Amino acid sequence: MSHTPNELAEEFPDDQETIHHLKTTNKHFSRISDQYHEINRKVHRIEAEIEPTSDLALEGFKKKRLALKDEISLMISNS
């Protein structure tokens, strides 16, 4: 298992300009992007065994991260 955070720049390498534009012009995108980064870092800390938690909580964070990533992806593709 990789303990590397899944940053948006890595997830959407060809869409950096679009991501930057959306972050600066769309409050909703900016908010969900911040939420994604916060949850992503939490998952990384848990997987790296820096921050202990239950498997159930970890799965919940991963599901939330995936839902945010899906929403981000949709917003990128629609812009």
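Nothing in this text is a laboratory measurement; each read-out follows from the coordinates by a stated rule. Treat the numbers as computed from the prediction; the structure is a model and nothing was measured. Virtual Cβ from ideal backbone geometry, glycine too; neighbours counted across all protein chains shown.
Here is how the numbers come out for the structure above:
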{"quantity": "Count - residues of the range 56-65 that are surrounded by 13 or more Cβ atoms within 10 Å (Cβ to Cβ) and either hydrophobic (A, V, I, L, M, F, W, C) or within 19 Å of Phe12 (Cα to Cα) (or both)", "calculated": "5"}
{"quantity": "Residue list for the range 15-33, filter: surrounded by fewer than 17 Cβ atoms within 10 Å (Cβ to Cβ) and assigned to a helix (DSSP H, G or I)", "calculated": "Gln16, Glu17, Thr18, His20, His21, Lys23, Thr24, Thr25, Lys27, His28, Ser30, Arg31"}
{"quantity": "Any hit, the range 34-55, residues being of a type in the set (Gly, Ala, Ser), in a loop (DSSP other than H, G, I, E, B) and under 19 Å from Asp14 (Cβ atoms)", "calculated": "no"}
